[in-house]
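What follows is a set of notes on a single structure, which appears directly below.
The values are calculated or read from the model by the stated rules, or taken from the named source; none is laboratory data. What you see is a predicted model, and the numbers here were worked out from it, not measured in a lab. All Cβ positions, glycine included, derive from the backbone under ideal geometry; neighbour counts span all protein chains shown.
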Amino acid sequence: MRPNRSIPSPTVIPVLSYPDVREAVAWLTASFGFAERVRIGQAHRAQLSVGDAAVIIADTGADRRAPDPAVKTCSLTVRVVDVRAQCDRAAEQGGTILMEPTEFSFGERQCTVLDPWGHHWTFSQTIADVAPEDWGGETIDPW
């Protein structure tokens with residue numbers, strides 16, 4: 001792919017709608033450690049980066065709506081070095097902890113946070129390299 005400084009480089013870029021883009025960007029940078037990369041208008045859109053990933057924060061309006069916190073339509077997973085620290089940071093900023101850091105047989109420690117606008121975020125820390133067959137999965141096409 002050709003590079004373009006006006007769009008994040010990851011192949012898949014989630015776009016999440018928030019009623020107040022600036023407030024959401026401030027919360028996501030303070031709570032999750034994301035960095036604002038590009039701002040489009042004062043309250044229209046922002047591109048955030050974390051590690052080698054990106055997310056676009058979009059305003060509501062037209063056909064875009066913030067999620068209903070009672071209905072989980074999607075979840076974003078972000079790999080981190082320290083799940084406990086990430087969970088604590090999010091809680092300190094007012095995130096709702098839906099799942100405290102928990103170790104899973106597939107080699108990850110994860111926590112899940114509901115942001116104040118209803119988006120579900122799972123943070124995942126690798127604690128072991130485990131073959132999918134060891135926990136009941138099946139490798140179809142090895143990385």
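Key figures for this structure:
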item: Filter pass, Ser49 being within 25 Å of Asp82 (Cβ to Cβ), among the polar types (S, T, N, Q), in contact with a helix residue (DSSP H, G or I) (Cβ under 7 Å, 6 or more places away or on another chain) and surrounded by 16 or more Cβ atoms within 10 Å (Cβ to Cβ); result: no
item: Any hit, region 53-69, residues being within 24 Å of Ser6 (Cα to Cα), modelled with pLDDT of 95 or more and hydroxyl-bearing (Ser, Thr, Tyr); result: no
item: Neighbours by Cβ (under 7 Å, 6+ apart or cross-chain): first from region 115-143, outside the structural domain of Tyr18 (by TED's automatic domain parsing); second assigned to a loop (DSSP other than H, G, I, E, B) and of a type in the set (Lys, Arg); result: His120/Lys72
item: Complete set of residues in region 50-109 that are in a strand (DSSP E or B) and of a type in the set (D, E, K, R); result: Asp59, Arg64, Arg79, Glu100, Glu103, Glu108, Arg109
item: Filtered residue count, region 1-41, keeping only those that are within 21 Å of Asp115 (Cβ to Cβ) and free of Cβ contacts under 8 Å to residues at least 40 places away in the same chain; result: 15
